[in-house]
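Please treat every number below as a calculation from the coordinates, not as lab data. Since we're looking at a predicted model, the values are computed, not measured. Here the Cβ is made from the backbone with ideal geometry for all residues, glycine too, and neighbour counts use every protein chain on show.
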Amino acid sequence: MIRPIMRHATSSDLDTLVDIENRAFTGNRLSRRSLKMMIFNPRAVMLVCDVDQHIVGYGLILHRQTAQAARLYSLAIDPKFQGRGLSRSLLLTLETHTDKVAISLEVRADNQAAIGLYDSLDYVKLKTRKAYYDDGIDAVVMRKALHQ
Ligand SMILES: CC(C)(COP(=O)(O)OP(=O)(O)OC[C@H]1O[C@@H](n2cnc3c(N)ncnc32)[C@H](O)[C@@H]1OP(=O)(O)O)[C@@H](O)C(=O)NCCC(=O)NCCS
C-alpha cells in the first residue's frame, strides 16, 4: 500500500518538479523559473507528494490578498503514479493549508480526469469560459466552500 507524505516544496525539488510538469502536462506548462518563484512566493503553498522518498506529484494554491477564495493554480501527478488516489490526498491536504473560505480553480473542459477528481471532492461547477485556452477549449470554473 502506498503511504504518501505531503510536504512543502523546497528548491532541491526543482529538477523533479520540472520533470513531472513536462510529463504530466501536454501544454500550458509552468516554466522552471515559474516553479522556482512559486516555491519562494509567500502567497503560495506548494506541496509535494513524496512516495518512498521520491517526489511523484505536486499541488499549488495561491492566496491573493483581496480574494475571498484561494486558487488552485496547479496539480499534477507523475503519469506512472496516477490512478492511485494520490491527487485526492494531495488536494485534501492542500485544502487544510488555507484560511480562505473557498478554493476556486479553472480546468480544461476536456480534462476528464481532473474534472472527475474535483467532482469527487465536492467542487461545484460555477461557469464556463468559452474558448479560454489557446487551442479553443473552454475552461470550467469550479469552487468548493471550506471551513463550514
Ligand atoms: C488529474 C490528476 C491530477 C488526477 O490524479 P490521480 O492521482 O491520477 O487521481 P486519483 O487517483 O487521486 O483519483 C481521484 C479521483 O479522481 C477521479 N479521476 C481520476 N482519474 C480519472 C479519470 N481518468 N477519469 C475520470 N475520473 C478520474 C476519480 O473520481 C478518482 O476517484 P476514484 O479512483 O475513487 O474513482 C492527474 O490525472 C494528472 O496529473 N493529470 C495531468 C495534470 C492535470 O491535468 N492536472 C489538473 C490541471 S487542472
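Counting only DSSP beta bridges with both residues in segment 5-145, the antiparallel share comes to about 90 percent.
Extension gain for the segment ASN111 to HIS8, taken as residue separation times 0.36 nm less the Cα-Cα distance, is 34.5 nm to one decimal. As a rough footprinting exposure proxy, the listed residues VAL101, VAL45 were ranked by other beta carbons within 10 Å of their own, and the order from fewest upward is VAL101, VAL45.
Residues ASP15, ASP50, ranked from the fewest to the most other C-beta atoms within 10 Å, line up as ASP15, ASP50. Modelled spin-label separation between PHE40 and PHE25, with each label point placed 7 Å from Cα along the Cα-to-Cβ direction: 2.0 nm. Using a ≥ b ≥ c from the Cα gyration tensor of segment 1-45 (square roots of the eigenvalues), is it rounded, prolate or oblate, where a/c under 1.5 gives rounded and otherwise the larger of a/b and b/c decides, a/b for prolate? Oblate shape, in that a/c is at least 1.5 and b/c is the bigger or equal ratio.
Enclosing the Cα atoms of segment 1-98 in their convex hull gives a volume equal to 98 cubic angstrom per residue.
With each label modelled as a point 7 angstrom along the Cα→C-beta vector, the ASP135-ASP52 pair spans 3.3 nm.
Taking the charge dipole of segment 1-77 about its Cα centre, with +1 at Lys and Arg Cβ atoms and -1 at Asp and Glu Cβ atoms, the residue from HIS54, SER12, ASN28 reaching farthest to the positive side is ASN28. In this structure, LEU146 and ARG32 have a Cβ-Cβ separation that, at R0 = 30 Å, corresponds to a calculated FRET efficiency of about 0.45.
Our coupling estimate for segment 72-88, obtained by passing each phi through the Karplus curve with A = 6.51, B = -1.76, C = 1.60 and θ = phi - 60°, is 6, 8, 7, 7, 8, 10, 3, x, 5, 10, 6, x, 10, x, 6, 5, 4 Hz, Gly and Pro reported as x.
If only the Cβ of Lys and Arg carry +1 and only the Cβ of Asp and Glu carry -1, the dipole of the chain around its Cα centre is close to 360 debye. In the chain, helices alone account for a calculated mean residue ellipticity at 222 nm of -7500 deg cm²/dmol, with every DSSP H run of four or more residues adding -39,500 (n - 2.57). Arranged from fewest to most other beta-carbon atoms within 10 Å of their beta carbon, LYS130, LYS36 become LYS130, LYS36.
Across segment 4-21, coupling constants 3J(HN,Hα) worked out from phi with the 6.51/-1.76/1.60 Karplus curve, θ = phi - 60°, read x, 10, 9, 9, 5, 5, 10, 4, 6, 8, 4, 4, 5, 4, 4, 4, 5, 4 Hz, and Gly and Pro carry x. Taking other residues whose beta carbon is less than 11 angstrom from the beta carbon of VAL124, and scoring Lys, Arg as +1 and Asp, Glu as -1, yields +2.
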